[in-house]
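Novice: Sharing a structure below in structure tokens format, with a few things to ask.
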Ligand SMILES: Cc1cc2nc3c(=O)[nH]c(=O)nc-3n(C[C@H](O)[C@H](O)[C@H](O)COP(=O)(O)OP(=O)(O)OC[C@H]3O[C@@H](n4cnc5c(N)ncnc54)[C@H](O)[C@@H]3O)c2cc1C
């Protein structure tokens, strides 16, 4: 007997199929569906399981790219920053950054650079950069290391919650008419007698049911996994991807009791270091270590943790140690190889779109901030491969699901935008759902139920890692709540006890990795 899903997937001739449910793939699904194309997105794990959940959480032009002289990338990213703040104001907000200065030349040097940054942003800027005296720097960053401190420069950029945005993007794509499936993996392409791609075999990861889908065009948006999909199309094609891993550590707010972030433009080994307040914790990152093996949950290296701890200690009065770390997360940068670059930090973050002889469209590189423009460029290409009537992208003016101007009061549900009232209502109907899942954090049970009902969450990890961010904020707290969240999940998904027990074991194992134990 054919399942309903099989009928829907196999009886449709899809205009555009997208493989990969990170920022790039989801952006492409919104773009394609909003132009009216029949769109399917498949993600083998949960949305954002790859790099898109492990960013520094900045929507930024990239001061570092300015230092490298890459003005076109900065200009494009600054434009996208402004668009994203307009289209998702409930998630993207302005953040102040202070560059503390210890050498006589630093304030004028960084100050002029940041004025250029303001100028490139033009009227879309988030606020003007300013020189700070030593006293003003300390007022913004009370725990900044004061030995030899001369002053600082303050500038503005954007901050967001990466997977909250991604989940809202998934809802936007569906509202525009796309079919979006997590836990569905791409297996292989089918080709017509002219050797052009005309479909694919895909599989539900849980039920193992396979589907033969028909597609006019297929986009490969699988980040660091792009080469594996390209080689399924053409086994002899040379690889174009390379990667470096970026580690972040999460510390208690007491290390930086401020709403202002710190940016160190150049550590002694030439890296950029951020200390960013996020959900009442501090994220410190990142590293740039070349890697050749790609995993969804890469492991941090001892020396990367040491690097982050030592350098945080240099710029803050309180020296963090390993046992202060609440969580560690590691992401892989999807970088497109560049013959001249000597190390991965020098490889351009610009995106590259490749169309293979058989019509596979691969999009790789770029940044979270520029996902919308990347998606627009990719879907433009897909319309040519699919030979469908060209419709212009309007995503520049398309609100993301939940769109709501931020109110000033601190409501923990405000990040849900217009959905916050629905989550509150769940608690009004069933007061048990107003209970917190952990006494130290504002997350309530209604958010778990909402994630299951409306946000495609299917495992405890989906909830604790990417719908609410407890795994990233405090891995031990995540272990502590595993049982109670699993109970809710079992009840709402009607699953067996064995299923629940396995969920708990898997989640605890992952959380131990985030705890460095
Ligand atoms: C440490 C770090 C910090 C960063 N910080 C920032 C920042 O602050 N701001 C910013 O703008 N950018 C930042 N970036 C860059 C940004 O995070 C990435 O450019 C972006 O997330 C890449 O998204 P993606 O969709 O291309 O890849 P991914 O998010 O990796 O998505 C690819 C998806 O494809 C899926 N997939 C793979 N194979 C298959 C298959 N066979 N079938 C189905 N699905 C499949 C994977 O499971 C994965 O979910 C950072 C990157 C790193 C590494």
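Novice: Relative contact order of segment 153-282: what whole-number percent is it, with Cα pairs under 8 angstrom and at least 6 residues apart?
Specialist: Computed over segment 153-282, the figure is 12 percent.
Novice: If neighbour count is taken as other Cβ atoms inside 10 Å, put 198, 193, 428, 462 in order from fewest to most. Let's see the in-between values first.
Specialist: On the way: 198 20, 193 6, 428 11, 462 24.
Least to most surrounded, the residues fall as 193, 428, 198, 462.
Novice: Here's a follow-up. Once you order the gyration tensor axes a ≥ b ≥ c over the Cα atoms, which shape class does segment 1-77 get: rounded for a/c under 1.5, otherwise prolate or oblate by comparing a/b with b/c?
Specialist: Cα axes put segment 1-77 in the prolate bin.
Novice: Could you calculate the FRET efficiency of residue 147 with residue 406 from 1/(1 + (r/R0)^6), where r is the beta carbon distance between them and R0 is 30 Å, rounded to 0.05?
Specialist: Details: r = 38 Å, r/R0 = 1.25.
That gives a FRET efficiency of 0.20.
Novice: Taking the 0 to 90 degree range and rounding to the nearest ten, how far is the long axis of helix 106-121 tilted relative to the main principal axis of the chain, both from C-alpha atoms?
Specialist: 40 degrees
Novice: Going by how many other beta carbons lie within 10 Å of each one, how would you line up 444, 463, fewest first?
Specialist: If I rank by nearby Cβ atoms, fewest first, I get 444, 463.
Novice: Against the longest alpha carbon principal axis of the chain, how many degrees, from 0 to 90 and to the nearest 10, is the axis of helix 445-454 turned?
Specialist: Around 40 degrees separate the two axes.
Novice: Taking 0.36 nm per residue of sequence separation and subtracting the Cα-Cα distance, how much length would be gained by fully extending the chain between residue 491 and residue 509, in nm to one decimal?
Specialist: Fully extending the segment from residue 491 to residue 509 adds 4.2 nm.
Novice: Now, a different point. Nearest 5 is fine: what % of DSSP beta bridges in the chain come out antiparallel, could you say? Spell out each step's value before the answer.
Specialist: Details: 58 of 75 bridges.
Among the beta bridges of the chain, antiparallel pairing accounts for roughly 75 percent.
Novice: Rounded, prolate or oblate: which fits segment 25-145, taking a ≥ b ≥ c as square roots of the Cα gyration tensor eigenvalues, rounded meaning a/c under 1.5, else prolate when a/b beats b/c?
Specialist: Prolate shape, in that a/c is at least 1.5 and a/b is the bigger ratio.
Novice: At 0.36 nm per residue, minus the direct Cα-Cα distance, what do residue 432 and residue 2 gain on full extension? Give it in nm, one decimal, please.
Specialist: 150.9 nm
Novice: Counting other beta carbons within 10 Å of each residue's own, what order do 244, 28, 226, 496 fall into, fewest first?
Specialist: 496, 244, 226, 28
Novice: Would you mind checking the tilt of helix 497-514 against the longest principal axis of the Cα atoms of the chain, expressed as 0 to 90 degrees and rounded to 10?
Specialist: 40 degrees
Novice: Would you calculate the separation in nanometres between label points at residue 11 and residue 266, each defined as 7 Å from the Cα along the Cα-to-beta-carbon direction?
Specialist: 6.4 nm
Novice: Distance between Cα centroids, segment 139-167 to segment 251-311: provide it in whole Å.
Specialist: Each part reduced to its Cα centre gives a spacing of 13 Å.
We did not get these values from a lab; they are worked out from the coordinates using the rules stated. Remember, it's a predicted structure, so these values are computed and weren't measured experimentally. Because the Cβ atoms are built from the backbone with ideal geometry, glycine has one as well, and the counts that use them run over all protein chains shown.
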